[in-house]
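Data first, discussion second: the structure below is written as structure tokens.
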Amino acid sequence: MTTHEGVNDENVTAWMTERIDGLVPPLSFDLVAHGRSNLTYVVTDAQGEEGEKYVLRRPPLGHVLASAHDMTREHRCMDALWPTDVPVPKMIGLCTDPEVNGADFYVMSFVEGTIAKNPTELEKFDSATRRRISESLVDTLAVLHQVDPDSVGLGDLGKKDDYLARQLRRWMGQVDKGSERELPELRAVHRLLEATMPTQQGAGIVHADFRLDNCMLADDGSIAAVLDWELCTLGDVLADLGGLIMYWTEAEGFLSTGDVIERYSRTSDRDLSDLDYYVAFANWRLACIVEGVRTRFEKGAMGKDIGAELEGYGAMMDAWIATAAQLLSR
């Protein structure tokens, strides 16, 4: 019998009990993240505070895009990176049997820390700790990009070459298939991105959504864990750096964007002279993603609750596209 939305208590409890020694039923499942993102639950057993905590992740309920909620990919990436210096939770197990819980899910260790969803939530940290957070974000990304995919068993996670060309085709194709609007500015930037594409410098692991609110922060400002790996692939890692800069906050104590680039360059031998291109690409990609969300909402596939999130999306899209065009004109 399911007593928690998205979790079959009886089946999941049996599945976890088989894999975790000393787990004491009944288990409690507390939903901590929901919506169009993957559903995330903190799991505790009957020992309460004396026992260990775990985290269960599954896709959202209802209409989902499988490629955007890939539990197998997310589990595989973190499991492979666990022995490296990239901070990730320890994986407990992956279930792909829909009879257990209606969808794929995985369970991982619980990591203590804070997720700052916006710059305001950084105010709990003092200025020196905020500085450490910003430095840790850059350093963690640089460490990820130094990992050899083949050495950790991720060499076949995706194609390594022509990353930007594939991404441009993918996101423009998503807009072409879904949107009823002409979007001339978006298409003009797409043509510019195709025409000015820099040469890819090697291939590495691309998180594809690396930003502040996808990282768990320890009290000392270090990154306790990098989360949300469902879009992870192989290719041009500078796309990650461009995305980080696009999302970068100028919170008090944080590094400047110039400092971000300088700090990243200390541990990377990649030429960063084309970084404006990657920031432009990140802005354009985000505009494509939001247009896809808007389109699915208009078709009734995302529920009524997302309407408020889309207020002002047109102005935001215009700003992202304009920023991309400006960066490409430099």
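Table for the structure above
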read-out	value
Acute angle (nearest 10 degrees) that the helix 313-328 long axis makes with the longest principal axis of the chain, alpha-carbon atoms	50
Folded to 0 to 90 degrees: helix 257-266 orientation relative to the chain principal axis, Cα	80
Theoretical gain in end-to-end length, Asp126 to Ser265 [0.36 nm per residue, Cα-Cα removed]	47.4 nm
Backbone N within region 97-112 under 16 Å of label point (7 Å from Asp220 Cα along the Cβ vector)	112
Using θ = phi - 60° and Karplus 6.51 cos²θ - 1.76 cosθ + 1.60, couplings along region 70-86 (whole Hz; Gly, Pro as x)	8, 5, 4, 5, 4, 4, 4, 5, 5, 5, 5, 8, 3, x, 8, 7, 6
Virtual spin-label span in nm between Asp85 and Gln146, 7 Å along Cα→Cβ	0.3
Estimated FRET transfer efficiency when R0 is 35 angstrom, pair Glu311-Thr72 (beta carbons, to 0.05)	0.50
Leu31-Asn118 FRET efficiency (beta carbon distance; Förster radius 25 Å; 0.05 resolution)	0.75
Residue-averaged 222 nm ellipticity for the chain, from DSSP H runs of 4+ at -39500 (n - 2.57), nearest 500	-13000 deg cm²/dmol
For peptides 285-291, 94-100, 110-116, sequence by mean Cβ density within 10 Å, most packed first	285-291, 110-116, 94-100
Rounded, prolate or oblate (a/c below 1.5 giving rounded, otherwise prolate when a/b exceeds b/c) for region 9-109 by Cα gyration tensor	oblate
Crossing angle, helix 275-298 versus the chain [Cα axis fit, 0-90 degrees, rounded to tens]	60
Nearest-0.05 FRET efficiency for Glu5 and Gln174, computed from C-beta distance (R0 35 Å)	0.75
Rounded, prolate or oblate (a/c below 1.5 giving rounded, otherwise prolate when a/b exceeds b/c) for region 110-199 by Cα gyration tensor	oblate
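Where a number appears in this text, it was derived from the coordinates with a stated rule and is not lab data. Predicted model only: the values in this text are computed from it and were never measured. Please note: Cβ atoms are built from the backbone with ideal geometry, for glycine as well, and neighbour counts cover all protein chains shown.
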